[in-house]
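First the structure, in the form of structure tokens, and then the observations on it.
The values are calculated or read from the model by the stated rules, or taken from the named source; none is laboratory data. These figures come from a predicted structure and were not determined experimentally. All Cβ positions, even for glycine, are placed from backbone atoms using ideal geometry, and neighbour counts span all protein chains on display.
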Amino acid sequence: MLKDKNIIVGVTGGIAAYKAADLVSRLKKEGANVEVIMTENATKFVSPLTFQTLALNPVYKEMFKEPRNYDVEHISLAEKADMFLIAPATANVIGKIANGIADDLLTTTIMATKARVVFAPAMNTNMYINPIFQRNMEYLKELGYEFISPGVGMLACQTYGPGRMAEPADIVEYVKNSFCNKDLIGKKFLVTAGPTIEPIDPVRYVTNHSSGKMGYKIAEEGQKRGAEVILITGPTHLTPPEGVKLIRVNTTMEMFNAVKDHFDECHVLIKAAAPLDYRPEVVSDVKIKKKDTEKDELNIKYIRNPDILDHFGNRKKEQIVVGFAAETNDLVENAREKLQKKNLDFIVANDISRDGAGFKLDTNVITIIDKAGNVIDYPILDKGEVARIIIDKVKAMMENKS
Ligand SMILES: Cc1cc2nc3c(=O)[nH]c(=O)nc-3n(C[C@H](O)[C@H](O)[C@H](O)COP(=O)(O)O)c2cc1C
């Protein structure tokens with residue numbers, strides 16, 4: 001994925017410098033050529049030898065030293081870079097760049113480059129929320145410098161809050177995404193994900209096992225390929241992909257209304273959610289109490305929710321509408337019927353009783369059936385790969401239409 005990419009990793013003097021070793025190792029595994037520039041203070045946290053060994057390249061530190069060759073190092077590194085990744089980025093280095101200070105090899109090289117510069121800040125929470133730091137970061141963002149948000153958690157200084165450097169795996173994902181082919185710029189995607197919940201009383205509700213993983217992966221894939229993505233999600237435990245517009249809903253009716261609000265402005269609707277078909281006819285506004293009798297029963301009458309896919313499939317104009325069919329039997333037959341009835345462009349069917357398929361897993365086993373009658377079976381695949389296949393098919397259909 002990162003083959004032939006020159007990534008210059010800048011390591012600065014924060015405690016998260018040890019995580020940069022993992023980052024460099026991961027970038028190498030993705031095929032990147034990695035060169036490391038360390039600040040003087042960074043070398044107090046981790047030895048340059050660690051980075052030299054992982055990157056299989058010399059580590060740069062000093063600006064004024066006998067040249068290894070006749071290139072001026074800060075200029076040659078600045079020119080060859082496809083991306084600068086400063087991880088961890090101290091408050092100090094961000095402040096220096098924001099104020100035009102170039103007093104060591106790293107800051108001078110960043111100042112001299114035309115490549116993209118990405119900072120992964122890491123610092124104590126009070127430093128992070130300090131208005132001076134925030135102002136420096138906002139100013140750099142305005143100028144086009146990129147930031148990978150730090151996580152919230154327990155920091156090395158024993159305080160809890162934002163400031164923890166993003167995990168190396170997530171930073172690598174960010175880097176990979178940013179080199180990804182942006183073939184969906186100008187397209188607007190509406191993606192639904194997760195279950196819905198229907199309240200019974202103020203403390204109880206009914207729901208299903210949908211995890212939202214498939215819909216989130218589709219939203220992420222669309223977003224990284226340049227589409228504007230609105231993700232309408234029921235309750236899940238997932239972290240939403242960066243850069244998508246997130247709309248959280250609880251009930252099927254709320255999901256229906258959210259889709260209605262945005263459907264007309266979208267080119268594509270992908271309905272990966274599993275909204276509940278029924279809801280209790282009456283929702284008690286006080287907690288339903290059990291009775292102390294042996295024959296105590298609770299009978300709830302359920303009424304139909306709107307069928308979101310059917311509604312919008314049958315009202316679409318130019319949009320591509322994609323549905324999912326989670327089945328336990330007669331997969332292709334049931335999915336084909338759904339495709340026709342709901343006027344879909346294609347349907348992604350999966351037999352949730354098969355090994356490797358199902359709501360909570362990271363993999364899926366799918367069959368895609370389109371309106372032209374093509375049926376394609378896929379082997380067990382990671383949900384990210386399934387998302388790519390779905391988005392590729394949507395893109396091919398959009399191209400055929402235009
Ligand atoms: C043990 C220790 C940990 C530090 N951790 C951080 C940190 O996580 N983030 C930060 O911005 N500064 C941190 N600092 C302060 C920086 O090292 C200091 O601002 C230094 O000037 C940064 O230099 P550099 O940006 O040139 O690498 C830490 C200092 C010490 C002594």
Scan the stretch 302-309 and tell me whether some residue there is free of Cβ contacts under 8 Å to residues at least 12 places away in the same chain and among the polar types (S, T, N, Q). no
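Filter the helices (runs of 4 or more DSSP H) completely within the stretch 130-233 down to those with at least 3 residues that are surrounded by fewer than 19 Cβ atoms within 10 Å (Cβ to Cβ).
The helices (runs of 4 or more DSSP H) meeting that bar are 131-142, 168-178.
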Spot the failing condition for PRO88; the list is (1) more than 10 Å from the ligand (Cβ to nearest atom); (2) buried (at least 17 other Cβ atoms within 10 Å of the Cβ); (3) not β-branched (Val, Ile, Thr), and only one is missed. (1)
Please go through the stretch 14-57 and give me each residue that is in a loop (DSSP other than H, G, I, E, B), touching an Asp or Glu at 6+ places or on another chain (Cβ under 8 Å) and at negative phi, ordered by number. THR39, GLU40, ASN57
Those residues of the stretch 337-369 which are at pLDDT 90 or above and surrounded by fewer than 18 Cβ atoms within 10 Å (Cβ to Cβ) amount to GLU337, GLN340, LYS341, ASN343
In this structure, is ASN136 among the polar types (S, T, N, Q), within 16 Å of the ligand (Cβ to nearest atom) and either farther than 27 Å from GLY163 by Cβ or in contact with a helix residue (DSSP H, G or I) (Cβ under 8 Å, 6 or more places away or on another chain) (or both)? yes
Contacts under 9 angstrom Cβ, first residue in the stretch 39-62 being of a type in the set (A, V, I, L, M, F, W, C), partner away from the ligand (no atom under 14 Å from the Cβ) and assigned to a loop (DSSP other than H, G, I, E, B), 6 or more apart: PHE51/ASN57
Take the residues of the stretch 91-116 that are closer than 21 Å to VAL172 by Cβ and more than 15 Å from the ligand (Cβ to nearest atom): which is nearest to the chain's Cα centre (by Cα)? ARG116
If you check ALA17, ALA32, which single one turns out to be within 16 Å of the ligand (Cβ to nearest atom) and under 27 Å from the mean Cα position of the chain (by Cα)? ALA17
